[in-house]
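Here is the structure we will look at, set down as structure tokens.
The values are calculated or read from the model by the stated rules, or taken from the named source; none is laboratory data. From a predicted model like this one, the values you see are computed outputs, not experimental measurements. Here the Cβ positions follow ideal geometry from the backbone for every residue, glycine too, while neighbour counts run over all protein chains shown.
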Amino acid sequence: MLGEAICLELLEAALAACECDQAEAILYSTNSSLTRFADSVIHQNVAEREVMISIRAVLGKRIGCARGNQPTKDEVQSVARRAADLARVSAEDEHFVSLPGPQPLPEVPTYSDATAASTPESRAKAVANIAAIAEKHGGRASGSFAADSAEIAVANSLGLRAYFPATDASLITVIADDDSSGYAEWRGTDLSRLDPEALAHTAARKCVDGRGAEAVPPGQYTVILEPLAVGDMLFMLGYMGFGATAFQEGRSFMCDRIGEKIAGDNITIWDDATDPCQRAVPCDWEGVPKRKTVLIESGVARSVVYDSYTAGKEGKQSTGHALPAPNTLGPLPTHLFLAAGDAAPEDMVANTNRGILVTRFHYTNIIHEKQTIFTGMTRDGTFLIEDGKVTKPVKNLRFTQSIVDALSNVEMIGRGAQLTEYAYVPALKIASFSFTS
């Protein structure tokens, strides 16, 4: 870790060297550790340190961006001069208003000593325990165990200064044999909260229960989506239309529907990077404080997320969702929540006459943004429900489904929630879900 003083000192040097009307400097430094395993054997252990220096220069309404990867005064000044040179030859952007000014940041837990102290030996011990549990159930374990520590600093010529350290960790495992596979994962900031053996038992149980899967015909089914599948679906929805760029370009399903009913009464979705249930961060890549933004409330479309550029186009305030400049995606929600309900998993099954239980989705892709149609496959644990009981495993199915339609047909919502890659979500029971092959 470079530390706050050195990071901000480098950014001050960059701003001083950037001869322009306004300037923004970002320093992102990360130490990444990754242990991969397959067939119950560790086959790769990687440790990597990476630094990104990003400068945005503004001359009137002309903007230039440049990047470098060395945390030295000479490097940041060189990058700053390149950014200013690019701004001089860039076309004017009539919609640009200004870089953001300084604002106080919320205090949120972003860093864990346990995660930063992760070692190859500690990760190998966890993998060994997972492999032993897999072997006990006649399977083989594969997956990855990652532990990252980082620091992010942002400064601009309007007096904004922001810095915070952060940690991030994940353990993913698939336990498989020749006939079946089961999946489990954990994600979070603090590795001391991880229980590798519990994950292994979950994946092993899915693998054992999935043996002897039978094919079922495609069609409309009631589904119970476990949190991993719901998280994938919610991320796709956010990518399709919860960002201001898609909204302003007319590509979002939220267009002309703010204040209208678009989902069931039991659906409330928001983005909140300050909630410790998520991998919290205090600000976005412009140094703007993260703000809780309600996107859908009791089924009614409420808002999309903004950065300073898209907010300026509408005379609004940024919600703190900027990505590093330059980017063509615009602001995106990366800390999504879906409000939990009060249903126990066993009750969701017991109240299903005939349906399919889905552990997770695989290889999801967008079909139609405005209609929120996406497609993908089930994977690592798909089961048939008959007369209120899980009766047998079924072979994986392809689905093609409108997400908004699915969220309009949610019959039950789980009372617990799980942090997935992009969202903190419960399980959902959906009355109608389209499996196409």
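Across the stretch 382-402, which residue is farthest from M348 (Cα to Cα) among those that are loosely packed, with under 14 Cβ neighbours inside 10 Å and touching a strand residue (DSSP E or B) at 6+ places or on another chain (Cβ under 7 Å)? Result: K395. Out of everything in the stretch 134-164 that is surrounded by fewer than 22 Cβ atoms within 10 Å (Cβ to Cβ) and of a type in the set (A, V, I, L, M), what residue ends up being nearest to D209 (Cα to Cα)? Only one residue tops the list, namely A146.
In this structure, L99 does not qualify as more than 20 Å from R193 (Cβ to Cβ) and within 22 Å of the chain's Cα centre (by Cα). Of the candidates I55, I130, the single residue that is within 29 Å of the chain's Cα centre (by Cα), surrounded by 18 or more Cβ atoms within 10 Å (Cβ to Cβ) and within 28 Å of P326 (Cα to Cα) is I55. Do you know which of the residues in the stretch 2-27 that are surrounded by fewer than 20 Cβ atoms within 10 Å (Cβ to Cβ), under 28 Å from the mean Cα position of the chain (by Cα) and on the phi < 0 side of the Ramachandran plot is modelled with the lowest pLDDT? Step by step, filter the stretch 2-27, then rank; the result is L2. A count restricted to the stretch 370-426 and to residues that are over 22 Å from the mean Cα position of the chain (by Cα) and among the aliphatic types (A, V, I, L, M) stands at 7.
For the condition surrounded by 16 or more Cβ atoms within 10 Å (Cβ to Cβ), farther than 30 Å from Q103 by Cβ and of a type in the set (V, I, T), T167 does not qualify. Tallying residues that are in a loop (DSSP other than H, G, I, E, B), within 30 Å of T167 (Cβ to Cβ) and in contact with a Phe, Trp or Tyr (Cβ under 8 Å, 6 or more places away or on another chain) within the stretch 249-281 yields 5. The strands (runs of 3 or more DSSP E) located wholly in the stretch 306-419 that include 2 or more residues which are out of contact with any Pro (no Cβ under 6 Å at 6 or more places or on another chain), closer than 24 Å to D179 by Cα and assigned by TED's automatic domain parsing to the domain that holds R279 occupy 354-368, 373-386, 389-393, 398-402. Restricting attention to the stretch 90-100, does a residue exist that is under 27 Å from S112 (Cα atoms) and among the aromatic types (F, W, Y)? No, that holds for no residue. Residue count for the stretch 109-146 satisfying the condition of being small (G, A, S), within 17 Å of T189 (Cα to Cα) and in a strand (DSSP E or B): 2.
Per the listing R88, R62, the residue uniquely touching a helix residue (DSSP H, G or I) at 6+ places or on another chain (Cβ under 8 Å) and either within 24 Å of D148 (Cα to Cα) or assigned by TED's automatic domain parsing to the domain that holds E24 (or both) is R62.
Residues in the stretch 260-317 that are in contact with a Leu (Cβ under 9 Å, 6 or more places away or on another chain) and acidic (D, E): D271, D272, D284, E286, D307. Of the residues making up the stretch 223-236, those that are under 20 Å from G341 (Cα atoms) and either part of a helix (DSSP H, G or I) or not assigned by TED's automatic domain parsing to the domain that holds V300 (or both) are P227, L228, A229, V230, G231, D232, M233, L234, F235. Considering each residue of the stretch 338-356 in turn, at least one proves to be within 16 Å of the chain's Cα centre (by Cα) and buried (at least 18 other Cβ atoms within 10 Å of the Cβ). Among the residues examined, L199 qualifies as touching a residue at least 24 places away in the same chain (Cβ under 8 Å) and within 20 Å of A427 (Cα to Cα).
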